[in-house]
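J.: Got a structure for you, written out below as structure tokens; questions coming shortly.
Just so it is clear, none of the values below were taken in a lab; they were calculated from the coordinates. If you're wondering where the values come from, they're calculated on a predicted model, not measured in any experiment. Please note: Cβ atoms are built from the backbone with ideal geometry, for glycine as well, and neighbour counts cover all protein chains shown.
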Amino acid sequence: MEVAVIGAGNVGGALAGSISRAGHTVTITSPSGRRAEEVGRETGAKVISSNREAVEGADAVVLAVPTHAVDQFVGEVGDALDGKIVIDVTNRMNPQEPPSTIDGTSNAERIQVAVPGARVIKAFNTAFAVRQADPVVDGTPIDGLVAGDDEAAKREVLDLVEGIGFRPIDAGSLGMARALEAMATLIISLNMANNWSWQNGWKLVGPLGSAAPGR
Ligand SMILES: NC(=O)c1ccc[n+]([C@@H]2O[C@H](COP(=O)([O-])OP(=O)(O)OC[C@H]3O[C@@H](n4cnc5c(N)ncnc54)[C@H](OP(=O)(O)O)[C@@H]3O)[C@@H](O)[C@H]2O)c1
């Protein structure tokens, strides 16, 4: 798969590396270009200066920008996202009042409304960047929770998530992005409150039954 990673920060760098290692072709962008160049050197991802050009050449687009940049990105790229799988990794956080972002909406659904022709999937947002780079802890893969309305796109993202090393889990329709984003709010709050290492990610424990998870 040709994957465009938009944003070259903690998440963009981590996923550019793990997606490349999983055998996909990755391009990466960032407005300054500086971090994208660094990620390109470290991961072999191809650096492209234009978000639109990166999107046009991709089958799937990983959105790894701060929430405040989402509208700008969607406005800039717009209909070039039609038909593309858009993997939304973004989270919202209000450090002063964390519950304020748990408001019955999600970034993923807002993107889907703004670009109805895109195949928006929520994924990777419940694990910190360190775990997106390497989702296996003490030999155990953490969970890659994937939500979306386009079943074919969701299957492709579940395969991608599994290829990186997560245990893939189908989390349901795109509306479940509200739950996944709330899970991110909780894990961020916990790391802040307890001075944890920002290296964790969600995992269900206990048997899931005989069916392969996520299928
Ligand atoms: N950090 C985590 O562990 C983690 C885990 C799960 C989800 N998330 C979510 O993932 C997103 C990215 O987090 P992060 O920690 O990677 O942030 P970050 O380190 O601040 O990196 C953000 C990147 O986005 C780029 N960017 C900003 N506006 C852009 C635009 N319009 N087009 C293209 N690139 C743009 C920035 O470019 P410059 O380099 O030029 O500034 C930067 O490279 C956030 O929504 C966050 O909530 C983060």
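J.: Under a point-charge model restricted to the Cβ atoms of Lys and Arg (+1) and Asp and Glu (-1), what is the dipole moment magnitude of the chain relative to its Cα centre, in debye to the nearest 20?
T.: Numbers: 18 positive and 26 negative charges, 85 e Å.
Here the size comes out at about 400 debye.
J.: For region 152-215, what percent of Cα pairs sit more than 19 Å apart?
T.: On the way: 914 of 2016 pairs.
Counting pairs separated by more than 19 Å, the tail of P(r) holds 45 percent.
J.: Pairs of alpha-carbon atoms within less than 8 angstrom and 6+ residues apart define the contacts here; what relative contact order does the chain have, in percent? Could you put the intermediate results ahead of the total?
T.: Details: 427 pairs, mean separation 39.2, N = 215.
Reported relative contact order: 18 percent.
J.: Between region 168-199 and region 14-84, how many Å separate their Cα centres?
T.: Centre-to-centre (Cα) distance: 23 Å.
J.: If you don't mind, there's one more thing I want to ask. Using the basic label-point model (7 angstrom from Cα toward the beta carbon), what is the W196 to H68 distance in nanometres?
T.: Placing both labels 7 Å along Cα→Cβ, they lie 2.6 nm apart.
J.: From the Cα gyration tensor of region 17-109, with a ≥ b ≥ c the square roots of its eigenvalues, which class applies: rounded if a/c is under 1.5, or else prolate if a/b is larger than b/c, or else oblate?
T.: Numbers: a/c = 1.90, a/b = 1.54, b/c = 1.23.
Taking the square roots of the gyration eigenvalues as a ≥ b ≥ c, region 17-109 is prolate.
J.: Here is a follow-up. Strictly greater than 16 Å: what percent of every Cα pair in region 106-215 meets that?
T.: On the way: 3546 of 5995 pairs.
Roughly 59 percent, once rounded to a whole number.
J.: For a 21 Å ceiling on Cα separation, which of these pairs sit above it: K46/K84; K46/K203; K154/K203; K84/K203?
T.: On the way: K46/K84 19 Å; K46/K203 32 Å; K154/K203 19 Å; K84/K203 28 Å.
Beyond 21 Å between Cα atoms: K46/K203; K84/K203.
J.: Further question: Is the chain best put as rounded, prolate or oblate by its Cα gyration tensor, with a ≥ b ≥ c the root eigenvalues, rounded for a/c under 1.5, and otherwise prolate when a/b is larger than b/c, oblate when not?
T.: Details: a/c = 1.26, a/b = 1.22, b/c = 1.03.
Rounded, since a/c falls under 1.5.
J.: Here's another thing I want to ask about it. Would you work out which of V70, I85, V39 lies farthest towards the positive end of the dipole of region 6-89, given +1 charges on the beta-carbon of Lys and Arg and -1 on that of Asp and Glu, about the Cα centre?
T.: It is V39, whose Cα lies furthest towards the positive end.
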